[in-house]
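Asks: Got a structure for you, written out below as C-alpha cells; questions coming shortly.
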Amino acid sequence: MLSEFQETLLQSVKAFQSTQLVKNKYENVLQNLDSGIMLFDSEGVLTFINVQMAKLLEMPRQSLIGCNLLQMLRHPHLSRFKKRKILRIYRETIFHRKKYHELIDEYGRHWLITITYSDEMDGDYLLSVKDVSDYKQIEQTAYQNDKLAMLGKISAAIAHEIRNPLTAIRGFIQLLRPHLIQLGRDEYARIILAEIDRANDIIHEFLNSSKPSAPQKSVIGVSSLLKEVVLLTESEALMKGCEIHLEVSDAEMYVSIDMKQIKQVLLNIIKNAMDAIEEVDVEHAGAIHINSKLSGNYVHISIQDNGKGMDKGLLSRLFDPFFTTKEKGTGLGLSVSYRIIRNHKGNILVDSMKGVGTVFVIALPIVSHQFVQSLGDRP
C-alpha cells in the first residue's frame, strides 16, 4: 500500500516538474520577445510583465507586479509623458473597447498597441506593444513613390499640351514688342515674356519631378563636392544674413554620383535653409552647419539651420509633390530631391522643431578606397 502511494507521489512530482519546466520555457519565451507584454487579471491587477515592456516604461519589473492601473499612474518613477500615454491607451482600448491603437513616443518611434480579452482568457487582459517604425518608414516610402508615379502621369499628359500654346504666345508677343515700345509700354511685353518663361520653368520642373534622368555617375570626393556647393552659396547666404559653416571628415570619402543631380539636391536644401532663416522675425545670427561623417557603408551629409523650423504637420508633408509654404513655390523641389537620392540608392531624412530649426540628413553609399585606387591605376 505504501509502495503504491510512493509511486503515485513520485508520478505527481514528476508531472509537476514537467509542468513547471514547460511553464518556465514559455515564460522565458515571453520574457525575450521583442514586443512588450503586460497581463492584467479580471480585477485589473498586473500579474505579468516581460523584460521589453519594463525597458519601455524604464522601470524595474518587480516594482510593477501587483499594481493596478491607478497605482501605476501614481508610481513616482513613471515619467509624466508615459503616464499620459498609458491613460490614452486605457481610454482607446479598454474604455472604447478598441483592439488596436497606434501612438508615437517622445523619440518619434511608432508603436502598435494590441489588447486581447475574451472568454478564453478567463477575464484577463493581455496588452502587447510592438515597435513598427520600420514598417511605417516602408509604408511612407511606398506612399511617396505612388504619389510621384501619379505626378509623372499627370505631367506627361499635360506638359506638351501647355507648352505648344505658350510657345505661340511668346512668338507673337516678341513680334508685337516694337509696337509696344512705340506706345511706351515695353514693360508690358517684358512682364508677359517673363511670366511665360516662368510657366515654362514650372512645366520643366513637372517633367523632372515625374522622372529625373538616369544618373550619369562618376566617383567624387565628398569633401570636394561640399566645398564646391558652399562656394556657390556662401555669398547669397551672407546677403540673407547667415553664415555657412562646413565641417568635413579628415579621411576622404568617395561616392559614385551624378554630380549635377546631387548638387541640385544640396543647393535646393541650402536655399530652403536660407529662406527659413530669413523668415525668422527676431534678430539673431543665422547659421547653416554642413558636415559629413561615415556611418557603416554610407556617408551621411547633414545640413542644419537655425531658421523658423516646422511643426509635425508640415514635416509629414514635406516631400509631397505640389506642397509648399512659399508664395511663389511650386512644391516640387524636395519631391524631385527625394527621387534623385532614391535613384542613387540613398535616403533622405528630415527633422525639425518649430522655432529651433531644421536638419536634413542625406545618406549615400560610399565607394571603397580600393575601387578608387583601381580607377587611378587605369591607363
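Asks: Counting only other residues whose beta carbon sits under 14 Å from that of residue 293, what net charge do I get with K and R as +1, D and E as -1?
Replies: -3
Asks: If you don't mind, another one. To the nearest 10 Å², what's residue 308's accessible area with a 1.4 Å probe?
Replies: Solvent-accessible area, nearest 10 Å²: 80 Å².
Asks: If you average the alpha carbon positions of region 252-316 and of region 351-369, how far apart do those two centres end up, in angstrom?
Replies: Each part's Cα centre sits 7 Å from the other's.
Asks: Quote to one decimal, in nm, the extra length available between residue 161 and residue 247 on full extension: 0.36 nm per residue of separation minus the C-alpha distance between them.
Replies: 26.3 nm
Asks: With a Förster radius of 51 Å, plug the Cβ-Cβ distance of residue 174 and residue 235 into 1/(1 + (r/R0)^6) and report the FRET value to the nearest 0.05.
Replies: Efficiency for this residue pair is about 0.90.
Asks: Label residue 137 and residue 368 with points 7 Å out from Cα along Cα→Cβ: what is the distance between them in nm?
Replies: 2.5
Asks: Further question on the same structure: How would 176, 126 line up by accessible area, probe 1.4 Å, largest first?
Replies: 176, 126
Asks: Note the full-extension length gain between residue 109 and residue 217 as 0.36 nm times their separation in residues minus their Cα-Cα distance, in nm to one decimal.
Replies: Extending this stretch completely gives an extra 35.4 nm.
Asks: Which percent of the accessible area of region 26-76 is formed by carbon and sulfur heavy atoms (probe 1.4 angstrom)?
Replies: 55
Asks: Choose one of 116, 96, 48: the residue whose Cα lies farthest towards the positive end of the charge dipole of region 43-118 (beta-carbon charges +1 Lys, Arg; -1 Asp, Glu; about the Cα centre).
Replies: So the residue furthest toward the plus end is 96.
Asks: What FRET efficiency comes out for residue 294 versus residue 102 if R0 is 35 angstrom and r is the Cβ-Cβ distance? Round to the nearest 0.05.
Replies: So, using R0 = 35 Å, E works out to roughly 0.50.
Asks: So with the 1.4 Å probe, I'd like the accessible area per residue for region 32-97, rounded to whole Å².
Replies: About 60 Å² of surface per residue is accessible.
Asks: Related question: Rounded to the nearest whole Å³, what is the per residue volume of the convex hull around the Cα atoms of region 255-322?
Replies: Cα-based convex hull of region 255-322, divided per residue, equals 132 Å³.
Asks: Could you give the length gained by full extension between residue 353 and residue 75, i.e. 0.36 nm per residue of separation minus their alpha carbon distance, to one decimal place?
Replies: Gain on stretching residue 353 to residue 75: 97.0 nm.
The values are calculated or read from the model by the stated rules, or taken from the named source; none is laboratory data. The structure presented is a predicted model; accordingly, all values stated were derived computationally and were not measured. Glycine also receives a Cβ, built like all others from the backbone with ideal geometry; neighbour counts cover every protein chain displayed. When the accessible area is computed, the model is the full protein with side chains, heavy atoms only, and any ligands, DNA or RNA have been set aside. Shrake-Rupley method; radii C 1.70, N 1.55, O 1.52, S 1.80 Å.
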